[in-house]
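Novice: Let me give you the structure first, and then I'll get to my questions.
Every read-out reported here was derived from the displayed coordinates using simple, explicitly stated rules and does not represent laboratory data. It should be emphasised that the depicted structure is a prediction, and the values quoted were computed from it without experimental measurement. Note: ideal-geometry Cβ built from the backbone for every residue, glycine included; neighbour counts use all protein chains shown.
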């Protein structure tokens with residue numbers, strides 16, 4: 001029995017086109033304000049957007065992922081990609097906030113031709129106040145171009161730490177710092193502005209074919 005796909009599909013007008021799959025962090029679900037705002041904004045540009053719950057969240061409404069759930073969560077993302085390929089003729093982009101972004105990047109590293117671009121929001125480079133526990137072991141295998149969006153006050157990794165870590169990735173990456181915000185990336189006051197910055201940056205990143213080998 002396959003891993004179920006659960007979420008909300010935002011459809012753009014007209015046939016064809018590209019698709020962005022977005023998923024959530026360890027303490028959230030696909031109804032997080034960040035994902036909803038991004039999905040609405042990207043859909044307005046012409047993308048189809050699926051914001052989906054990872055399998056651990058489908059199994060329990062609250063709490064962090066249980067130990068050992070990451071592999072199944074990646075299977076859930078794989079199932080979401082397969083579902084959208086049956087509906088979308090264009091490119092498939094994959095993104096996520098924090099834990100969701102980490103699982104997206106690990107899936108892309110394991111299957112280099114699975115998707116076309118990554119959008120990684122607040123990548124959890126290391127646990128807060130534990131900078132030696134880096135979550136970068138798969139970075140050298142990553143071949144999918146990736147845009148990293150990161151707050152300048154993120155306790156899961158500083159901009160300087162992210163800059164150093166991205167040197168491990170052998171394909172094209174960009175780091176988009178968001179000044180004055182932490183791991184949550186947006187607040188009620190800055191949400192619209194940050195979302196527009198992310199949408200504009202990713203549109204440019206996805207359209208740029210330089211150094212994709």
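Novice: Each label point is 7 Å from the Cα along the Cα-to-Cβ direction; what then is the distance between the points at residue 60 and residue 160, in nm?
Specialist: 3.7 nm
Novice: Taking the chain on its own, what percent of its Cα-Cα pair distances exceed 26 Å?
Specialist: Counting every Cα pair in the chain, those more than 26 Å apart make up 27 percent.
Novice: Now for a different question. Quote the Stokes-Einstein diffusion coefficient, in whole µm² s⁻¹, for segment 135-213, based on the Kirkwood radius over alpha carbon pairs, a temperature of 10 °C and a viscosity of 1.306 mPa s. Spell out each step's value before the answer.
Specialist: On the way: Rh = 13.5 Å.
Reported coefficient: 118 µm²/s.
Novice: How big is the C-alpha Rg of segment 30-89 next to the rule-of-thumb value 2.2 N^0.38 Å, as a ratio?
Specialist: 1.26
Novice: Restricting to the chain, what percent of DSSP beta bridges are antiparallel, rounded to 5?
Specialist: Taking every DSSP beta bridge within the chain, about 15 percent pair in antiparallel fashion.
Novice: Hey, what did segment 53-152 get for relative contact order, percent, Cα under 8 Å, at least 6 apart? Can you show the working numbers first?
Specialist: Numbers: 131 pairs, mean separation 23.1, N = 100.
Relative contact order of segment 53-152: 23 percent.
Novice: Please sort 55-62, 143-150 by packing, taking for each peptide the average over its residues of neighbouring beta carbons within 10 angstrom, highest first. Each step should come with its number before you reach the end.
Specialist: Details: 55-62: 15.4, 143-150: 22.9.
The peptides rank, most packed first, as 143-150, 55-62.
Novice: Let me ask another. Given a cut-off of under 8 Å on Cα pairs at least six residues apart, what relative contact order in percent is computed for the chain? Don't skip to the end; give the middle numbers.
Specialist: On the way: 420 pairs, mean separation 38.2, N = 213.
Relative CO of the chain lands at 18 percent.
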